[in-house]
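One structure is given here, and the rest of the page talks about it.
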Amino acid sequence: MTLGQTTLSNPDIVLYTDGSASLDPASAGWVFFISSPPDSSASLWGPVITDFTDSDWIGAPRPTNNTGDITAIYHALKWVHGGDRPPLLRFGSA
C-alpha cells in the first residue's frame with residue numbers, strides 16, 4: 001500500500017527547507033533553497049517573527065526549531081504560489 005502521491009519524476013522546481021533555533025539567546029531562523037533545473041537557483045532566509053504586531057508575523061508563538069521549519073515551508077510555498085506545476089518540496093526536519 002502506498003500513501004500519498006509518488007515523487008515528481010522531473011519537477012520544474014525543487015524546494016529545500018529548514019529551520020533552526022538557539023536557546024541563548026532565544027531565537028530561531030528559517031531558510032529555503034530553490035533549484036530550477038538545469039542551472040537556476042536562489043535562496044531566501046530570515047528570522048522567525050514572534051511579535052504578533054509585526055506585519056510579517058505568521059503565527060509563531062515562540063522561536064523554536066519547529067516554528068523555523070514551518071516558517072521556511074510557508075515562505076517557500078508563498079514564493080512559488082501561482083506556478084504552472086507543483087514544486088517538489090524537501091523538508092530539512094521530519
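The values are calculated or read from the model by the stated rules, or taken from the named source; none is laboratory data. Keep in mind it's a predicted model, so treat the numbers as computed, not measured. Cβ sites come from the backbone with ideal geometry, for glycine too, and all protein chains shown count toward neighbours.
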Can you confirm whether region 60-79 contains a residue that is farther than 25 Å from residue 22 by Cβ and in a loop (DSSP other than H, G, I, E, B)? no
Contact list, first residue from region 68-89 and at pLDDT below 80, second anywhere and surrounded by fewer than 17 Cβ atoms within 10 Å (Cβ to Cβ) and of a type in the set (D, E, K, R), beta-carbon distance below 6 Å, six or more apart or interchain, is 85/12
When residues of region 19-51 are limited to those that are charged (D, E, K, R) and more than 24 Å from residue 87 (Cβ to Cβ), the one modelled with the lowest pLDDT: 24
Quick one: in region 80-94, of everything that is surrounded by 12 or more Cβ atoms within 10 Å (Cβ to Cβ) and out of contact with any helix residue (DSSP H, G or I) (no Cβ under 6 Å at 6 or more places or on another chain), which residue is farthest from residue 18 (Cα to Cα)? 86
Complete set of residues in region 20-72 that are closer than 17 Å to residue 90 by Cβ and of a type in the set (Phe, Trp, Tyr): 30, 32, 33, 45
Within region 24-47, is there a residue that is in contact with a Pro (Cβ under 9 Å, 6 or more places away or on another chain), farther than 29 Å from residue 12 by Cα and in a strand (DSSP E or B)? yes
